[in-house]
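Any read-out appearing in this document is the output of simple, stated calculations on the displayed coordinates, not a laboratory observation. Here the structure is a predicted model, which is why all the values come from computation and not from measurement. Positions of Cβ are generated from backbone atoms using ideal geometry, with glycine treated the same way; all protein chains shown enter the neighbour counts.
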Amino acid sequence: MVTIDSVMLRARELFKKTGMTLDELGQKMGYESGIARKSAWQFLNKTSDPRLSMLLRFAEAVGIDPKDVL
């Protein structure tokens, strides 16, 4: 069964494999450079109920099919 915790764990694992920095991820997710790092960190570490739109932005930013996050 897919849970929110397992989705976010998978997102963190996928992010680590990219070799990107949090700043790079945040910018690719559409955040301005001044808040990109913090926003990416919060998405990966503090999100307890991610919106589908955020998961789609994350998948696009790391270059994967959205179903790979789910």
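Of the numbered criteria (1) in contact with a Lys or Arg (Cβ under 7 Å, 6 or more places away or on another chain); (2) in a helix (DSSP H, G or I), the one Gln42 fails is (1).
Of the residues Leu9, Leu14, the single one that is crowded, with 16+ Cβ neighbours inside 10 Å and either in a helix (DSSP H, G or I) or under 12 Å from the mean Cα position of the chain (by Cα) (or both) is Leu14. Within region 25-43, is even one residue among the small types (Gly, Ala, Ser) and in contact (Cβ under 8 Å) with a residue 40 or more places away in the chain? No, every residue in region 25-43 fails to be among the small types (Gly, Ala, Ser) and in contact (Cβ under 8 Å) with a residue 40 or more places away in the chain.
Return the residues of region 47-70 that are closer than 12 Å to Thr18 by Cβ and not in a helix (DSSP H, G or I); say none if nothing qualifies. Across region 47-70, the qualifying residues are Gly63, Ile64. Select from region 44-70 the residues that are acidic (Asp, Glu) and in contact (Cβ under 8 Å) with a residue 12 or more places away in the chain and write down the one among them that is surrounded by the fewest Cβ atoms within 10 Å (Cβ to Cβ). Once the filter is applied, the top-ranked residue is Asp49. Scanning region 8-56 for residues that are over 15 Å from Pro66 (Cβ atoms) and polar (S, T, N, Q) returns Thr18, Thr21, Gln27, Ser33, Ser39, Gln42, Asn45, Thr47, Ser48.
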